[in-house]
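Down below is the structure, laid out as structure tokens.
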Amino acid sequence: VEGKAYSYKCSNMQVDVEEIFSLCSNHEDSDTRFILYVNHEKMIGFKNVVIRSPDTDVFFILLCHACDIDITIYLDTGTGKKGQLINVSEKAKEFGKEWCKILLEVYVFTGEDCVSAFKGKSKVTPLNKLMKYPKFHSAFSKLGEEWIVPEDVIKYLEEFVCVMYGYVRETSVNAVRTKMLKKM
């Protein structure tokens with residue numbers, strides 16, 4: 001049932017179902033509810049949790065929150081021979097809280113999971129550019145802090161888009177668009 005969470009207990013060929021009201025949520029996408037579930041498992045005493053999802057969104061969301069939850073989070077992803085179990089908590093510690101937040105913001109900015117918001121650019125291109133140009137880190141770390149994005153952050157994000165398309169000396173998307181059209 002959408003928005004409701006249930007606990008299932010099996011014993012002697014009987015299944016008991018109980019609604020867990022603290023896990024009820026109005027989030028439409030289950031990707032964002034995983035953190036609620038992980039937190040619940042930690043509160044009831046679990047030390048480890050495994051999330052099964054092929055969705056890259058889940059990895060970045062878990063990575064961003066893993067530093068704040070004292071439980072080991074594993075992501076079971078992929079299928080068949082391409083399946084893997086990723087220790088998200090270990091990755092989060094390795095990257096650090098600030099970098100994990102930046103990674104989530106870049107991921108969301110570039111169009112999240114299945115569709116890139118930028119024509120001809122994969123998910124890897126923005127991440128590579130972000131590592132090469134650390135001056136954009138602070139702009140991405142500020143995303144999501146306020147409802148209205150500050151003008152200076154918008155300017156840095158626009159410049160980042162220019163860099164993504166290989167125009168490192170440009171700061172205007174319109175200027176880059178013009179140059180690209182002229183090349184055509």
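The values are calculated or read from the model by the stated rules, or taken from the named source; none is laboratory data. The structure displayed is predicted, hence computed values, not measured ones. Every residue, glycine among them, receives a Cβ derived from its backbone with ideal geometry; neighbour counts consider all protein chains shown. Note: areas computed on protein heavy atoms with side chains; ligands, DNA, RNA excluded. Shrake-Rupley method; radii C 1.70, N 1.55, O 1.52, S 1.80 Å.
The table for this structure:
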read-out	value
Hits in the stretch 137-158 (condition: free of Cβ contacts under 8 Å to residues at least 24 places away in the same chain and among the aromatic types (Phe, Trp, Tyr))	147, 156
Candidates 93, 179, filtered to the one that is basic (Lys, Arg), over 27 Å from residue 73 (Cβ atoms), modelled with pLDDT of 90 or more and assigned to a helix (DSSP H, G or I)	179
Extreme residue, modelled with the lowest pLDDT, among residues of the stretch 116-133 that are more than 17 Å from residue 61 (Cα to Cα) and in a loop (DSSP other than H, G, I, E, B)	116
Qualifying position, being modelled with pLDDT under 80, open to solvent by 70 Å² or more (accessible area, probe 1.4 Å) and within 20 Å of residue 149 (Cβ to Cβ), among 112, 98	112
Which numbered condition residue 76 misses (of (1) open to solvent by less than 60 Å² (accessible area, probe 1.4 Å); (2) farther than 22 Å from residue 149 by Cβ; (3) free of Cβ contacts under 8 Å to residues at least 40 places away in the same chain; (4) out of contact with any Gly (no Cβ under 8 Å at 6 or more places or on another chain))	(4)
Scope the stretch 161-176; condition of a type in the set (A, V, I, L, M, F, W, C) and either within 25 Å of the chain's Cα centre (by Cα) or open to solvent by 20 Å² or more (accessible area, probe 1.4 Å) (or both); matching residues	161, 162, 163, 164, 168, 173, 175
